[in-house]
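The values are calculated or read from the model by the stated rules, or taken from the named source; none is laboratory data. Keep in mind it's a predicted model, so treat the numbers as computed, not measured. Ideal geometry is used to build each Cβ from the backbone, glycine not excepted, and the neighbour counts take in all protein chains shown.
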Amino acid sequence: MDSPETPERAGLTILAGFVRNFPQKPGVYRMSNAAGDVLYVGKAKNLKKRVSSYLHVERMPERLQRMVFDTHVCEVITTHTEAEALLLESNLIKQLKPRYNILLRDDKSFPYIMIAGGHAYPRILKHRGARTKGNEYFGPFASAGAVNGTLATLQKVFLLRSCADAVFSNRTRPCLLFQIKRCSAPCVGRIADDDYAELVREARAFLTGDSRAVQTELARRMDAASGALQFEAAASFRDRIRAMTAVQAHQDINVRSLGEADVIALHRAGVQSCVQVFFFRGGQNFGNRAYFPSHAIDDQDGEILEAFIGQFYDSFAPPREILLNVVPPSLDILAEALSLKAGRAVCISVPQRGGRRKLIDHAATNAREALSRRMAENTAQRKLLEGVAEVFALAATPERIEVYDNSHISGAHMVGAMIVAGPTGAAKNAYRKFNIKTTDLAPGDDYGAMREVLTRRFARAQKEDPERKLGQWPDLVLLDGGQGQLNAGLKVFAELGIGDLSVAAIAKGPDRNAGREQFFMPGRTAFTLPPNHPVLYFLQRLRDEAHRFAITAHRAKRSKAIGQSLLDEVAGIGGARKKALLRHFGSAKDVAAAGLQDLSAVPGINAATAKKIYEHFHPEG
């Protein structure tokens, strides 16, 4: 504090000014720099005391000193309790992604199994996204594969339908799923209402952990059917029991005593960490997923795990029990916060012995192995990036490569695409697609499309990050195409006044043969790489990924356009009126050509609506 004031330490003086007026209450504080970028979000039992500790910079690591010196604004939000502060902190970190916080980098939602309500014969299916009232949800599952495996078992054991309601209502005979004993065919009355309701009840019991009782009941029915010489029915029960037994046999560890729980283990190697999460519901393993949170080298293991848990459960309710291998620094407050979020008690523990300890050790082993694989992959990726720097004569190893491509069919539904790759592989959260908006492009003008994409991308970068401090500027721009695409890109950069980006283009060789690609760069003769060169394989993969992403975006746009109608553009015309118009005229094109009197003759279309439709298609009157 006695050090002389310097421009670099100005943030310290600014922060001291803010602290004087802070309340001595629990809450959340948020530090931002002069540009308004949030640097750090933290929680505190006493805001004044906690933020005051940042004034003693001599006790902090250099990383946090830089954060304090960069601080221009510090804002606080008070809460009633420290637990509420922890929930708010986790929410803000996930939303704002401050550079000095421990960050959970994952944008995937978890899949669930849903038993749909509102129908006499509920169906069972995989579900992601928002929940709808009246349906039942079971999960979360770690992956789509875990859900699909469980659904396959449920179909074998409980024979519940999975078809859409529209398909169900139009069936006149059983579908293939009935033939292969995956459905009881309620659509055509092959099962009584009460019997189907019983199957739904059993499936619900299985998903909530009462699988043993269900298996016992099936065994009783098999014996009864066999005793009554109903051997076909007995064989059906036998097959269903076998399917349930197969699922239970796949459990690696005996978890019968474990109900609804998540097992979370951290393994760390320096600045890199892996958090492995196993989901257990009703004693069944619903799969696992690995996460690699971003943190600093001086963050403690408990701090990393605590930050991870807060952000991890921000988007869905925590289970009743959470098992950890590392003690978080605020264990009791964390448990209180999660209980507050869930609306019921959530127990967090660090088991030391017994079956639960085995589960934790198993998760920790998986975390260690996943981190080892990731570090090996990153090492290989780093070598490839060093090879890219050598091939293209870059000043340093690229940290961010952007690859551009576009896709269309004869110029229709044209879409541009950008993919991003770096030291950790593909950065899919940075991928972008561009709907081509230029109206005067000739059909199939790939150069014009590339000019639009690059102009939009880098004009925005100049506006949002002119100092290039946010890591969003590429070290290499790679265009899918030959000399023409390169020239188009260079023209854009010249118009924007960007003269220091490395730009290259990749084109397939003679007869478009993969492996004979040519590379184009400004000021260099086109060149090729040996067919077995590892950098060539790497660049081919990047080009193919950009091509895949562009085609996927184009197909989605085309499918959406196919599903649209001319009538969708008429304001105030709902589904019922569209249907009435199409039934009367046969097509949207005929509706557009119809006269005012003909439109008025359609059932449900009054004079005012007919005039609105007519004027939409005949604006000249």
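For the stretch 29-85, the candidate set comprises residues that are of a type in the set (D, E) and under 26 Å from L331 (Cβ atoms); within that set, the residue that is nearest to the chain's Cα centre (by Cα) is E84. Listed by position, the strands (runs of 3 or more DSSP E) enclosed by the stretch 385-460 that each have at least 1 residues that are aromatic (F, W, Y) are 401-409, 432-435. Scanning the stretch 270-280 turns up one or more residues that are in contact with a Gly (Cβ under 7 Å, 6 or more places away or on another chain) and either assigned to a strand (DSSP E or B) or at pLDDT below 85 (or both).
One residue stands out in the stretch 149-188 among those that are touching a strand residue (DSSP E or B) at 6+ places or on another chain (Cβ under 7 Å) and closer than 18 Å to F286 by Cβ: the one that is surrounded by the most Cβ atoms within 10 Å (Cβ to Cβ), namely L154. Considering only residues in the stretch 118-132 that are without any contact (Cβ under 8 Å) to a residue 24 or more places away in the chain and either within 14 Å of S162 (Cα to Cα) or charged (D, E, K, R) (or both), the one that is surrounded by the most Cβ atoms within 10 Å (Cβ to Cβ) turns out to be H127. Regarding the stretch 210-231, can at least one residue be identified that is surrounded by fewer than 21 Cβ atoms within 10 Å (Cβ to Cβ), out of contact with any helix residue (DSSP H, G or I) (no Cβ under 9 Å at 6 or more places or on another chain), modelled with pLDDT of 80 or more and assigned to a strand (DSSP E or B)? No, there is no match, as no residue in the stretch 210-231 is surrounded by fewer than 21 Cβ atoms within 10 Å (Cβ to Cβ), out of contact with any helix residue (DSSP H, G or I) (no Cβ under 9 Å at 6 or more places or on another chain), modelled with pLDDT of 80 or more and assigned to a strand (DSSP E or B). Checked against (1) under 30 Å from N285 (Cα atoms); (2) in contact with a Ser or Thr (Cβ under 9 Å, 6 or more places away or on another chain), R201 meets all criteria but (2).
The set of residues in the stretch 85-107 that are in contact with a helix residue (DSSP H, G or I) (Cβ under 7 Å, 6 or more places away or on another chain), closer than 22 Å to A342 by Cα and crowded, with 20+ Cβ neighbours inside 10 Å comprises L86, L87, E89, S90, I93, L104. Identify the residue in the stretch 20-35 that is surrounded by 15 or more Cβ atoms within 10 Å (Cβ to Cβ) and of a type in the set (K, R) and, among all such residues, is nearest to E75 (Cα to Cα). Once the filter is applied, the top-ranked residue is R30.
Quick grid of which residues meet (1) surrounded by 14 or more Cβ atoms within 10 Å (Cβ to Cβ); (2) among the basic types (K, R); (3) closer than 30 Å to L529 by Cβ; (4) at pLDDT 90 or above:
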position	(1), (2), (3), (4)
I360	yes, no, no, yes
S372	no, no, no, no
E386	yes, no, yes, yes
I401	yes, no, yes, yes
Y404	yes, no, yes, yes
K428	no, yes, yes, no
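Exactly one residue out of A364, A337, A345 is assigned by TED's automatic domain parsing to the domain that holds Q276, under 15 Å from A269 (Cβ atoms) and either at pLDDT 90 or above or of a type outside the set (G, A, S) (or both): that is A364. Annotation note: of I322, I333, I348, the sole residue that is at negative phi, assigned to a helix (DSSP H, G or I) and not polar (S, T, N, Q) is I333.
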